[in-house]
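The values are calculated or read from the model by the stated rules, or taken from the named source; none is laboratory data. In this text, all values refer to a predicted model and were calculated from it rather than measured experimentally. Note that we place each Cβ from the backbone using ideal geometry, even for glycine, and neighbour counts take in every protein chain shown. Calculation scope for accessible area: heavy atoms of the full protein, side chains included, ligands and nucleic acids excluded. Shrake-Rupley method; radii C 1.70, N 1.55, O 1.52, S 1.80 Å.
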Amino acid sequence: MAHYLLAASPIPGHVLPLLRIGVDLRDRGHEVRFLTGEDFQSLVQDAGLHGAVLPPETGVRRPSRGFSIFSKAPDLIRRWHRGRTEMRSLFVAPLAAQYRALQTVLGECERVDAVLVDVAFTGALPLLLGDGPRPPVLVCGVSPLTVSSLDTPPFGPGWAPQPRVNYSTMTWVVHHVLFGSIQRRLNRALRGVHSRRSPVFLTDWPRLADRLLQLTVPGFEYPRRDLPANVVFTGPIFAGHVVREHLPAWWPDLLATRRVVHVTQGTWDNTDLDLLVGATLRALAHRDDVLVVVTTGGAPRDTLGDPPPANVRVTDLLPYSALLPHVDAMVTNGGYGGVQNALSLGVPLVVAGDTADKPEVAARVAWTGAGIDLRTGHPSPEAIAAAVDRVLTEPRYRAAAQRLRDEVAAATALDTIADVLAELDGHGTHENRWLQGG
C-alpha cells in the first residue's frame, strides 16, 4: 500500500478530476489524503478520502466582468490585461499559503510516496526547487498544455500554431516583456517562502515536476518536437455515472426530440449567464427543430427570463454521462472538462470563452476540426445561430469529433496514472520530518 497526497486549487474543474484520481487510488488499496478548500470538503468526505483544508487566502476569485479602462480596448489588449490579472490571482497570489499548507500536511504524515497537484497549485514549486529530499511531485494538467514550445504560440491568447513557424522569439518577448512583471511577482512569492528563483517562466513550471500528467489525448493537443520528457498523456478523467432518479421531470422531452443543443457556461465563469446562455436562447428560441438544454452550473437564472421559451429546458446541473449521449451540438464557454466530455462522445462544439484557459481550449477545438471557435466571450445571437447551424449540418465537424471520441475511448487514464506512480515508487523519500522545520 502506498500513501499519496493530492492537492487541488479550490476550483471545480481542478478539484473534481483529482478527486476522481484519489478515489481510484483508494480503490486500488492506497492511502489517500486530499488537500483543498473548505467549500469542497463535503465532496472529499463523501468520496471516503481523508480531507485537509487549505486556508482561505488560497481561494481564487471568479472572473470579473466589471468595467475597467481596458473594457473598450482592442481584443488583444484586453486579453493581455485579463491574462496578467488571472496569472496573479490564480498562480502567484496563493503560492505561499498553498506551500505552507502542503508543508503542514506532509509534516503530519509518517510517509508520503508521491504528491499530485493540479497545474495551478504552484505551492508545490518550492518543493521542486528545494535541495532536500522530497517525494515525487506530479502535476495534473487540468487545462491545455501550458508549457512553451518553439512549435506553438505562447500560452494564453488562443492562437493556433502555423506550420513551419518558429515561435521562440515571440515566446521570449511575451515572457520577458509583456509578462515580465508576472515573473518578478512569482520570484518575490518564492523568496517569501525562502525558495530559489524559478528557472522557468510561470506557465512552464510543470516542466520541473517529476511527471506532468496531461489529462487529455495527444489528438487534442498541438504536436511539439520539443515536448518535455516528463509529459505523459493519460486521456481525460471523467466523473462517475448518474443514477436515474436525479434526472429532471422533463427528461422524456429530450429523448423524443430529433435535435438537441446543449448550452452551458460551466461552474466557474457563470456569474453573468446572459453572456453566452442568454445569447444562445435568443439565437435559438422558438425554433421547432431544436430542443435547447441549459445547465446553469448553479448560477442565478434571473437573466434568462421566466418562463423560458417553449423549446428550452433549464436545470442547474446534469451529469454529462446522462445528457451528452442525446446531444447533437454543444455551445460552451470552453471549460476543459466539459469540452472533453463532449468530444468523448463525438459531439461537435461551438465555443465562446475569453477567461483563464478558455481561449486555448476553443483554439484547440477549431484546430482539430471538431467545432467552431467564436473567439469572444460575448458572442452575438446571430453568430451563435450561424455556428450552431454549421456544426449541425456540415458532417466534417461531427467526423472530427468522432475521431477524437475513438482516441479517448482507447485511453486508460486511471490505469496510466497508477502505472506512472508505480514506476516512481521508491524514487523519493517516504520520511517527511525534514519539512517540519520549514
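Could you say whether any residue in the stretch 114-135 is assigned to a loop (DSSP other than H, G, I, E, B), acidic (Asp, Glu), out of contact with any Pro (no Cβ under 7 Å at 6 or more places or on another chain) and under 20 Å from TYR4 (Cβ atoms)? No.
Just one of PHE201, PHE220, PHE233, PHE238 is more than 23 Å from VAL115 (Cα to Cα) and touching a helix residue (DSSP H, G or I) at 6+ places or on another chain (Cβ under 7 Å); which is it?
On the way: PHE201 fails: more than 23 Å from VAL115 (Cα to Cα); PHE233 fails: more than 23 Å from VAL115 (Cα to Cα); PHE238 fails: more than 23 Å from VAL115 (Cα to Cα).
When all the criteria are applied, what remains is PHE220.
Among the residues of the stretch 136-155, those that are assigned to a loop (DSSP other than H, G, I, E, B) and under 17 Å from VAL232 (Cβ atoms) comprise PRO136, VAL142, SER143, PRO144, LEU145, THR146, VAL147. The single condition among (1) without any contact (Cβ under 8 Å) to a residue 40 or more places away in the chain; (2) of a type in the set (S, T, N, Q); (3) open to solvent by 20 Å² or more (accessible area, probe 1.4 Å) that ASN311 does not satisfy is (3). Could you please find all residues in the stretch 280-312 being under 16 Å from GLN265 (Cβ atoms) and assigned to a strand (DSSP E or B)? Matches in the stretch 280-312: VAL292, VAL293, VAL294, THR295, VAL312. Here GLY346 passes the criteria (1) under 29 Å from GLY83 (Cα atoms); (2) not in a helix (DSSP H, G or I) except the one numbered (1).
Tell me whether the stretch 227-246 contains one or more residues that are aromatic (Phe, Trp, Tyr) and open to solvent by less than 30 Å² (accessible area, probe 1.4 Å). No, that holds for no residue. Note on the stretch 341-367: among residues that are open to solvent by 10 Å² or more (accessible area, probe 1.4 Å) and closer than 27 Å to ALA256 by Cα, the one that is farthest from the chain's Cα centre (by Cα) is LEU345.
Screening the stretch 401-436 for residues that are more than 23 Å from CYS140 (Cα to Cα), open to solvent by 80 Å² or more (accessible area, probe 1.4 Å) and not acidic (Asp, Glu) and picking the one that is modelled with the highest pLDDT gives ARG403.
Could you check the stretch 156-261 for helices (runs of 4 or more DSSP H) lying wholly inside it with 3 or more residues that are at pLDDT below 95?
Working: elements: 168-173, 180-192, 251-255.
It comes to 251-255.
Of the residues examined, LEU150 is not one that is crowded, with 22+ Cβ neighbours inside 10 Å and modelled with pLDDT of 95 or more.
So which residues in the stretch 318-332 are over 18 Å from PRO17 (Cβ atoms), not hydrophobic (A, V, I, L, M, F, W, C) and not in a helix (DSSP H, G or I)? Once the filter is applied, which keeps residues that are over 18 Å from PRO17 (Cβ atoms), not hydrophobic (A, V, I, L, M, F, W, C) and not in a helix (DSSP H, G or I), the stretch 318-332 yields only ASP328. Sub-8 Å Cβ pairs linking a first residue in the stretch 219-241 that is closer than 16 Å to CYS140 by Cα and charged (D, E, K, R) to a second residue that is modelled with pLDDT of 95 or more and open to solvent by 30 Å² or more (accessible area, probe 1.4 Å), at least 6 apart or interchain, are GLU221/PHE233, ordered by first then second residue. Could you check, for the stretch 381-400, whether at least one of its residues is open to solvent by 30 Å² or more (accessible area, probe 1.4 Å), out of contact with any strand residue (DSSP E or B) (no Cβ under 6 Å at 6 or more places or on another chain), modelled with pLDDT under 95 and within 20 Å of LEU281 (Cβ to Cβ)? Looking for residues that are open to solvent by 30 Å² or more (accessible area, probe 1.4 Å), out of contact with any strand residue (DSSP E or B) (no Cβ under 6 Å at 6 or more places or on another chain), modelled with pLDDT under 95 and within 20 Å of LEU281 (Cβ to Cβ), one finds none in the stretch 381-400, hence no. Taking the stretch 262-279 as the range and being assigned to a loop (DSSP other than H, G, I, E, B), surrounded by 20 or more Cβ atoms within 10 Å (Cβ to Cβ) and either at pLDDT 90 or above or charged (D, E, K, R) (or both) as the test, the residues that pass are GLN265, ASP269.
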